[in-house]
Amino acid sequence: MMQASAQAQPNIALVKYWGKRDVAANLPATGSISITLDSLWTRMSVNFGVADDLLIVNGVPADEMLPRVTRCLDSVAGKGRAGARVTSASNFPIAAGLASSASAFAALVVAASDAAGCGHERAELSRLAGRASGSAARSLFDGFVELAITSAGIDVTTLAGPAEWPLQVIVAVTEEAGKAVGSGDAMIRCAQTSPFYQSWVDRQDEDLAAARAAIARRDFAKLGAIAEHNCLKMHSVMWGARPPIVYWTKATLACMETVRGLQDAGHAVFFTIDAGPQVKVVCLPESAEAAQAALASTEGVRKTMQSALGIGARKVTVD
Ligand code: PMV
C-alpha cells in the first residue's frame, strides 16, 4: 500500500512555545502545555508513486507550502522515497493563528508513515511532526498535553484525557486572511531583539509547574490565571521586538473585554491568543453557551466555532 490518510485536530497552548533552542532542528527553547481540540480538523492523504511532490490544499495547489511538506516527508520516509501527491482539507481557516500547521503536520506524519509502511511509534511521529512545526508534536496526543524538553530532544505526554476534564473551547475568528509574520520568523526576531525574551524563557518552568498542578487538581480558576498570564507575557515579548510584532487587532481587544465581562458575571472562562488576531476562549461546559453568545455579538468577530477536547492524530479512511 502506498496510499494512506490521517486526521488531526489543532491544539491550543495554555503555556506557550515561543522560541527555539536549535533553529536547524526546530527544537523549542522551553516546554509547553496544550489542549487538543475535537471538532476542528485537518485531513491529509499521502500517495507515494508520482514523479514529483505535489501539494493540494482545500482543492488548490499550494506551492509555497510544498518545500516544508517535502522536508517533512523526507524525514518520515527517507530521501530515497518516491514522489508524493499530498492532499489536505481543513474545516477551519488556515494560516491565521488557528494552529493549522499543528493539525496539518500531525496528520501528515501519520499518513506518510502509514503510506510508506514505516511503522513509527507515536513518540517518534510526534518528534517528526515537531521538526516541521513545534506545536504539531502536541497534536499527536489526546486532551491536555505536555511537551517537555529532554537531553534527547522532546518528550510529549497526555496529562489528562479529554473525558477526564471535559472543557469547551470557543474560537472567535476576527480575521480570515493569513498573517504578516509567520511564527517561526517571529520567534527568531524575538530571541534576537526583544529585551524580554530571556526572562520569558527563564520563567517558563514556573508557569509549566503551575499549569500542571492546576490540571491535576481540575482547578479552573488557577489554570485560567496562569494561561492568561503566560499568553500576555508571550505577546509582551513580541511587542518588545524590533521591529515589533503585534498580532492583535481592535477585535482581539474587544474579545478580551468580553471575556472580562463574562468573568465579572461569574462565568468560568479564560482567553488565550496565539500568533494571530483570533481569540480562543476556554470554558467549563456550563459557561460555553453564554461565552459563545457574548463573543458572537462582539464587534469585529466574523464567526465563532466551538469545540470539545479531542484525541490525537490517527489514521482514517477518506473517500
Ligand atoms: O508550531 P508553530 O511554529 O506554528 O508555533 C506555535 C506558536 C504558538 O502557537 C504561538 C504557541 C504554541 O505553543 O502553540
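Read the figures in this text as sums done on the coordinates, not as results from a lab. These numbers come from a predicted model, not from an experiment. Glycine also receives a Cβ, built like all others from the backbone with ideal geometry; neighbour counts cover every protein chain displayed.
So the values come out like this:
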item: Options PHE105, PHE92: the member that is within 16 Å of the ligand (Cβ to nearest atom), of a type in the set (Phe, Trp, Tyr) and more than 18 Å from VAL145 (Cα to Cα); result: PHE92
item: The lone exception for LEU232 - which of (1) within 16 Å of the ligand (Cβ to nearest atom); (2) touching a residue at least 12 places away in the same chain (Cβ under 8 Å) it fails; result: (2)
item: Hey, VAL110 within 16 Å of the ligand (Cβ to nearest atom), in contact (Cβ under 8 Å) with a residue 12 or more places away in the chain and crowded, with 21+ Cβ neighbours inside 10 Å or not; result: no
